[in-house]
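Undergrad: So that we are looking at the same thing, I have put the structure below in structure tokens.
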Amino acid sequence: MLRCSRVSAVDGEGAEAVPGAAETLSLKLERKGTMAKAFSKGMDRRSALATLGFAGLGLVGMRWPPMHADDFKADALSKVLPQFSAKSREQLLRLLTAPGFSGQIPISEVATLAASEGKTVNTLMVELLPLARTYARPPISNYLVGAVARGSSGALYLGANIELPGHSLGFSVHGEQFALSNAYMHSEQGVTAIAVTAAPCGHCRQFMIEVSPAGDIEVLIAGSPAVKLSTLLPMAFGPKDLGFKDGALPVKEVNLARPKGASDELTLAALDAARKSYAPYTKAHSGVAIGTAAGHIYKGAYIENVAFNPSLSPLQTALAALIVAGEDSSAIARVALVEMEGAVISQRSVTEAALHAMAPVAKLDVATTKMAV
Ligand SMILES: [Zn+2]
């Protein structure tokens, strides 16, 4: 379960502990026409919001009183994004609480925000990081990461880090992976820039090279000049080293057959995700669909990496989609995995083990597919 007893300091120097903050806050987010379940897990959105008061970008040392359910709409955003105008915060709140919000800020909304704030999109991305970071779920490290990616379309994508107690650290999703997988699932043709709360780790630089084999993604960190990935990762080991010219984007749909007898909505959603998956090195295409008790479905495609380990499993991608929609692992009721028959690797065991750790009552259905003829 994504659980920790309380939130403590994050992000380095000057950050302070927040004893009991998670317990004293009670935020609810109105979504999809109903009040979403309160985030009852320890390191959740409301604790993240609380922690940001002490450790957000430029907010170190800043405090505010605990927030309550009814405060969220007006107050939480003004505390997370104090430098934004009330008009921009209202615009963001409308987006964040719209039914079906999926962590994407469409190009038209980005243009409006940039115009009303009088800022460049790069600056806007950096200033949106405290918001992205409220989606972080790091109950092991308590280190909150936020990321905002910009797709070729000009849309922005939020991301944050996820950790899973009771399972291998290798299952962690880094903030950059979250934001980039979000752009991937929205079928962006490419990603031109990514803003991050701290310099990307080596794992993320390797993940990024798959999305941008030429290394031309701009990496934006508050207080530092923009830098290209090729500068952060010189002499990169990329797709070309295993004989591939292209990377993960643009998404290339794979023509996979419908699994025998599969007709339920969740399995077909997993099949749809598998068709979007990127698996040039193993050809083991796979996709996951998470179904919640409330009937929402979140899809995740497998996104492979030339260095293998930074690959994102389809469950990780789907989990990011669930969290950025404002839900939590406690909402997971059923999961469908669709993967290739007789492939050299399988996502089954990691999906079972991760689900066992975070949603033990969730039912897993696995179906196999093959290339359609
Ligand atoms: Zn990383």
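Undergrad: Identify, from the list 283, 276, the residue that is on the phi > 0 side of the Ramachandran plot, modelled with pLDDT of 95 or more and either assigned by TED's automatic domain parsing to the domain that holds residue 304 or within 16 Å of the ligand (Cβ to nearest atom) (or both).
TA: Among 283, 276, only 283 is on the phi > 0 side of the Ramachandran plot, modelled with pLDDT of 95 or more and either assigned by TED's automatic domain parsing to the domain that holds residue 304 or within 16 Å of the ligand (Cβ to nearest atom) (or both).
Undergrad: Pairs please, first residue from region 156-185 and assigned by TED's automatic domain parsing to the domain that holds residue 107 and surrounded by fewer than 19 Cβ atoms within 10 Å (Cβ to Cβ), second anywhere and charged (D, E, K, R) and in a loop (DSSP other than H, G, I, E, B), Cβ atoms under 7 Å, 6+ apart in sequence or on different chains.
TA: 165/3; 172/163
Undergrad: Exactly one condition in (1) closer than 15 Å to residue 181 by Cβ; (2) free of Cβ contacts under 8 Å to residues at least 24 places away in the same chain is not met by residue 304; state its number.
TA: All conditions are met except number (2).
Undergrad: Collect the residues in region 159-182 that are in contact with a strand residue (DSSP E or B) (Cβ under 6 Å, 6 or more places away or on another chain) and away from the ligand (no atom under 16 Å from the Cβ), keeping them in residue-number order.
TA: Result: no residue meets the conditions.
Undergrad: Under 26 Å from residue 224 (Cβ atoms), in contact with a strand residue (DSSP E or B) (Cβ under 9 Å, 6 or more places away or on another chain) and within 16 Å of the ligand (Cβ to nearest atom): does that describe residue 151? Let's see the steps before the verdict.
TA: On the way: under 26 Å from residue 224 (Cβ atoms): yes; in contact with a strand residue (DSSP E or B) (Cβ under 9 Å, 6 or more places away or on another chain): yes; within 16 Å of the ligand (Cβ to nearest atom): no.
For residue 151, the condition - under 26 Å from residue 224 (Cβ atoms), in contact with a strand residue (DSSP E or B) (Cβ under 9 Å, 6 or more places away or on another chain) and within 16 Å of the ligand (Cβ to nearest atom) - is not met.
Undergrad: What do you reckon, is residue 116 surrounded by fewer than 17 Cβ atoms within 10 Å (Cβ to Cβ) and at pLDDT below 95?
TA: It is false that residue 116 is surrounded by fewer than 17 Cβ atoms within 10 Å (Cβ to Cβ) and at pLDDT below 95.
Undergrad: Show the residue pairs that are 6+ apart or on different chains and have beta-carbon atoms under 7 Å apart, the first residue being within region 322-335 and within 21 Å of residue 104 (Cα to Cα) and in the same structural domain as residue 354 (by TED's automatic domain parsing), the second being assigned to a strand (DSSP E or B) and of a type in the set (Phe, Trp, Tyr).
TA: From region 322-335, the pairs are 322/298; 325/298.
Undergrad: How many residues does region 184-211 contain that are closer than 21 Å to residue 107 by Cα and either within 16 Å of the ligand (Cβ to nearest atom) or charged (D, E, K, R) (or both)?
TA: 6
Undergrad: Taking only region 314-370 into account, find how many residues are over 14 Å from residue 287 (Cα atoms), among the aliphatic types (A, V, I, L, M) and touching a strand residue (DSSP E or B) at 6+ places or on another chain (Cβ under 7 Å).
TA: So the answer is 10.
The values are calculated or read from the model by the stated rules, or taken from the named source; none is laboratory data. Just so we're clear, the structure is a prediction, and the values are computed from it rather than from any experiment. Methodologically, a virtual Cβ is constructed for each residue, glycine included, from the backbone with ideal geometry; neighbour enumeration extends over all protein chains shown.
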